[in-house]
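Participant: Below is the structure I would like to discuss, written out as structure tokens.
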Amino acid sequence: MPSRHVPSLPRGWSKRVRSSLLHAISLGAMALAVARSRRVRARLRVELDRAENEIALLKEELAIKDARWGRVPPRRRPHFTAVQRMRILQVKAARGWSCEQAAEVFMVDEQTTHSWLRRVDEQGESALIRTTEPVNKFPDFVRYLVKQLKVLLPTMGKVRIAQVLARAGLHLGVTTVGRMLKEREPIAKDSAVPVTIDTRVVKARHPNDAWHMDLTTVPTGSGFWVPWLPFALPQSWPFCWWVAVVIDQFSRVLVGFALFRDRPTSHDVQSFLDRAIREVGSAPRHLVADKGRQFWCGPFKQWCRRRKIRPRFGAVGKQGSIAVVERFIRSMKAEGTRPIRVPLQMNAMRREIGSYGVWYNLYRPNQALGGRTPREVNAALWPANARPRLEPRRDWPATGSSPQAAMRGRSGTKLTLFVGCVDGRRHLPVVEVRTVA
């Protein structure tokens, strides 16, 4: 008998209609990825379709969260903080919403938004509406700069922001940056610690002495899951790209990368390494990799012997055995190749990874290098974060013991901020601070 709850369904459908819906959605996403991969000439339209699809999915996520939040009685909902109220009013002004519209979106009473507007100019600690006020009295533009860096690159933590600004001549403490971002949840620091897998620890003595290599997949969508066996999409184009990267252990510089449509073979990896060696001009003493079938095989070991390279292999299932290259891959995926920025054309994908590689080597401070960039360590350049600092605080003493960098000029210097980007990509910022003439 048909189900009483779904009387319009044919016999036998009531128990499987929901799983069929999941199958249909996954098939539609799979077909859409294949269709986009064939429309090479309509590249801009393809990217627009992907952006519209991403926006639709984000709206659906927000609708689900709002529905759950709406079931909580209004009196039991936590109050917005003073900073969050100001952010809501800023969104209201940018959207051109009325108080009623803003109240409906953020699930507050209309009279509440009216009271916020009436009290927006209140001053002091008891003010209902406040912007973030730094304890050490830095000018407002410094706080704005910190927040803009967080918007441009959400994966950048407070340590990285402090290091980026120090390279531009503006020295802020890590705790100061944290206070400026206190209305946001702090990004957890990477807690992975390299694990010694045996007594043969590879120690790099100079640049290009030891290289780390690994392969990874970069999905063109948000993931690989589907509701049918084997519960995963094929790990090949157009569903993902295969990327091979080589990192120098001493300087953390990106030596090179290669892009493949399918899982590369050992011969493909050897050809890529030959190109990297020709680009650098010499072969490394050690080459660290995992025990993937491209590396743990006779042809690859013979290739290493011919070039007098000592291969070293990470332990299977041991976290941290190839931590240097794994950390780079994690950063590349989080900062440079989010799903909405993964193109389906080979040349466009090469440009995306190439732009990230330039930014990573030249402008991104590395915490393992003390805030220096890989290029500075590789070329033995004077680090930008060790140069004399600029001091925008007017009353800061010139002989103060902190921060440690010497002061350039006088305190209270008026500054102009320049925020550029690499190859027009806003998620790869280049920060420069200049004094006002």
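The values are calculated or read from the model by the stated rules, or taken from the named source; none is laboratory data. All values reported here derive from a predicted model rather than from experimental measurement. Every residue, glycine as well, gets a Cβ built from its backbone with ideal geometry; the counts of neighbours run over all protein chains shown.
Participant: Being in contact (Cβ under 8 Å) with a residue 40 or more places away in the chain and farther than 25 Å from ALA334 by Cα narrows it down to one of LEU415, LEU369, LEU428, so name that one.
Facilitator: After ruling out the rest, the residue left standing is LEU415.
Participant: Does LEU259 satisfy the condition of being in contact (Cβ under 8 Å) with a residue 12 or more places away in the chain and within 20 Å of TRP359 (Cβ to Cβ)?
Facilitator: yes
Participant: Give the residues of segment 420-437 that are surrounded by 12 or more Cβ atoms within 10 Å (Cβ to Cβ) and touching a helix residue (DSSP H, G or I) at 6+ places or on another chain (Cβ under 9 Å), sorted by residue number.
Facilitator: CYS421, VAL422, ASP423, ARG425, ARG426, HIS427, LEU428, PRO429, VAL430, VAL431, VAL433
Participant: Also: Identify all residues within segment 339-352 that are in contact (Cβ under 8 Å) with a residue 40 or more places away in the chain and out of contact with any Ser or Thr (no Cβ under 7 Å at 6 or more places or on another chain); write none if there are none.
Facilitator: Answer for segment 339-352, where residues must be in contact (Cβ under 8 Å) with a residue 40 or more places away in the chain and out of contact with any Ser or Thr (no Cβ under 7 Å at 6 or more places or on another chain): ILE340, ARG341, PRO343, GLN345, MET346, ALA348, MET349, ARG350, ARG351.
Participant: Mind counting the residues in segment 373-395 that are assigned to a loop (DSSP other than H, G, I, E, B), closer than 16 Å to ALA166 by Cβ and touching a residue at least 12 places away in the same chain (Cβ under 8 Å)?
Facilitator: Within segment 373-395, residues that are assigned to a loop (DSSP other than H, G, I, E, B), closer than 16 Å to ALA166 by Cβ and touching a residue at least 12 places away in the same chain (Cβ under 8 Å) number 7.
Participant: When you check LEU62 against the structure, is it under 28 Å from the mean Cα position of the chain (by Cα) and within 16 Å of ILE340 (Cα to Cα), yes or no?
Facilitator: no
Participant: Only one residue in GLN367, GLN345 is under 18 Å from ALA258 (Cβ atoms), surrounded by fewer than 19 Cβ atoms within 10 Å (Cβ to Cβ) and out of contact with any strand residue (DSSP E or B) (no Cβ under 8 Å at 6 or more places or on another chain). Which one?
Facilitator: Only one candidate passes the filter, namely GLN345.
Participant: Only one of ALA56, ALA29 is at pLDDT below 85 and within 29 Å of PRO234 (Cα to Cα). Can you tell me which?
Facilitator: One residue alone meets the criteria, ALA29.
Participant: Just to check your reading of the model, which residue among GLN101, GLN123, GLN111 is under 35 Å from the mean Cα position of the chain (by Cα) and among the polar types (S, T, N, Q)?
Facilitator: Testing whether each residue is under 35 Å from the mean Cα position of the chain (by Cα) and among the polar types (S, T, N, Q) leaves just GLN101.
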